[in-house]
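Step one of this worksheet: look at the structure below.
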Amino acid sequence: MTKYNVLSNLIFTVFLATLISCNSGSKSPAEAKEAEVLPEDIVELREDQIKIANIEMGTIEMLSISGTLKVSGTVAAAPQNLATVSMPLGGFVKSTSLMPGNAVTKGQTLAILENQEFVDIQQNYLEARNKLEYAEAEYIRHAELYKDDVYSQKNLQQVTTEYKNLKAQVKALEQKLALIGINPANFKEDDITRAVAVVSPISGYVKTVNINLGKFVAPSDVLFEIVNSDKLFLELTLYEKDADKVSAGQKIRFFINNETEQHDAVIYQTGKSINTDRTYNVYASVSGACKNVLPGMYVNALIEASNNKVAALPSDAIVSFDDKDYIFIFDKNKEEGGKPFTEYKMVEVRKGVSDGGFTEVILPDGFDIQTTKVAIKGAYNLLSAKKNAGEMSC
């Protein structure tokens with residue numbers, strides 16, 4: 001509550017006390033007995049009291065309120081931007097010059113491996129390819145002779161089978177060559193080598209190096225891990241109660257390592273289920289290149305609440321009482337003893353996000369926003385009047 005509200009509330013309370021002292025001696029016991037008993041959620045004021053309390057009525061507005069949610073999470077790299085490098089056939093490490101943190105480009109040589117099996121595959125391929133050339137020529141020749149009834153069908157079938165078997169063998173060996181990084185299209189007898197290069201599948205930086213010179217690496221061993229930090233995302237954790245406050249497209253401001261430098265992100269997906277600890281995951285793409293942001297880092301983030309229009313009131317129109325939030329609405333005008341009174345009803349609400357002096361209100365079912373008048377000023381004075389309701393009969 002502001003200093004102005006405190007002062008206004010104090011003045012109004014003193015005014016109520018003065019009215020009570022002035023009127024208490026003028027009532028007879030019979031009048032006191034017949035004094036009206038108001039419901040718990042009703043407070044009534046005379047016209048002069050309304051002026052002193054500075055009560056101003058208005059309506060609930062539909063506004064776009066941008067609030068913020070404070071959340072935490074971690075930085076991660078998308079699967080397509082994180083590469084684990086292995087050698088399918090294994091081998092001995094002949095050379096490597098990389099260290100963790102080095103930048104690499106797609107196709108760059110990371111290490112050189114040697115393996116006798118590399119030589120065997122190349123030899124088998126060249127032999128099979130040469131046999132295929134001969135078998136293909138024989139297949140064409142026998143097919144022509146069969147057409148001229150010079151060659152039997154059985155002989156043609158035998159030649160055809162051999163030709164197709166060799167063709168399948170060559171195709172299989174081509175795939176093995178490609179697997180170890182050798183292009184079979186331009187491969188010749190003079191190109192046989194015992195060493196092949198391990199190349200980077202993506203551009204990025206080297207996260208881990210698990211090899212050294214002379215080490216034998218198996219096909220299942222991880223040689224390098226490479227991360228592309230140009231396209232990172234955030235994995236944020238929200239409480240279950242805030243799940244309805246975020247959606248795809250909302251902007252995020254986040255900070256790392258207690259730095260003051262702000263980084264930006266945009267939510268691209270929200271979780272589809274609640275975790276066992278009653279939390280909710282949200283995923284956001286990091287905007288632009290952030291040189292200090294790396295996968296695995298812990299972040300503190302501020303999510304800008306949705307700009308969808310919500311029911312809102314000036315923040316001072318919402319009062320707290322017994323750990324609950326309320327607003328006062330116009331109930332009715334009446335007359336008692338020839339004096340006009342106005343009754344105000346206390347309605348429980350829930351507060352949402354706040355911004356620019358306005359606060360979102362979640363209203364009870366059946367509340368008529370269009371016609372209901374709400375006390376947008378003087379709500380704290382009405383609350384004081386409610387607390388003193390037992391002393392306010394006039």
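Which one is modelled with the lowest pLDDT, of the residues in segment 375-388 that are within 14 Å of I42 (Cα to Cα) and among the hydrophobic types (A, V, I, L, M, F, W, C)? Once the filter is applied, the top-ranked residue is A385. Looking across segment 281-333, just one residue is surrounded by fewer than 18 Cβ atoms within 10 Å (Cβ to Cβ), touching a Lys or Arg at 6+ places or on another chain (Cβ under 8 Å) and among the hydroxyl-bearing types (S, T, Y), and that is S285. Pairs meeting the criteria (first residue in segment 185-197 and polar (S, T, N, Q), second residue surrounded by 15 or more Cβ atoms within 10 Å (Cβ to Cβ), beta carbons under 8 Å, at least 6 apart or on different chains) are T193/F118; T193/Q122. Within segment 343-364, the residues that satisfy the criterion of being within 20 Å of E40 (Cβ to Cβ) and in a strand (DSSP E or B) are E343, Y344, K345, M346, V347, E348, V349, R350. With respect to the stated conditions, F358 is at pLDDT below 90 and touching a helix residue (DSSP H, G or I) at 6+ places or on another chain (Cβ under 7 Å).
When L113 is tested against (1) closer than 10 Å to V217 by Cα; (2) at pLDDT below 90, only condition (2) is not met. Checked against (1) touching a Phe, Trp or Tyr at 6+ places or on another chain (Cβ under 7 Å); (2) closer than 23 Å to K377 by Cβ; (3) modelled with pLDDT under 90, M62 meets all criteria but (1).
Screening segment 296-342 for strands (runs of 3 or more DSSP E) wholly inside it with 2 or more residues that are over 30 Å from the mean Cα position of the chain (by Cα) returns the ranges 319-321, 324-336. Where residues in segment 60-101 are more than 29 Å from the chain's Cα centre (by Cα), surrounded by fewer than 14 Cβ atoms within 10 Å (Cβ to Cβ) and among the polar types (S, T, N, Q), which of them is nearest to S247 (Cα to Cα)? Checking each candidate, the answer is S97.
For segment 177-204, a tally of residues being among the β-branched types (V, I, T) and either more than 25 Å from A78 (Cα to Cα) or not assigned by TED's automatic domain parsing to the domain that holds E117 (or both) returns 5. Checking the stated criteria, D230 turns out to be under 30 Å from S86 (Cα atoms), outside the structural domain of Q116 (by TED's automatic domain parsing) and at pLDDT below 85.
Within segment 357-372, restricting attention to residues that are loosely packed, with under 10 Cβ neighbours inside 10 Å and among the polar types (S, T, N, Q), the residue that is farthest from K245 (Cα to Cα) is T371.
The values are calculated or read from the model by the stated rules, or taken from the named source; none is laboratory data. None of the values given here were measured: they were computed from a predicted structure. For neighbour counting, all protein chains shown are included, and Cβ atoms are generated from backbone atoms with ideal geometry for every residue, glycine included.
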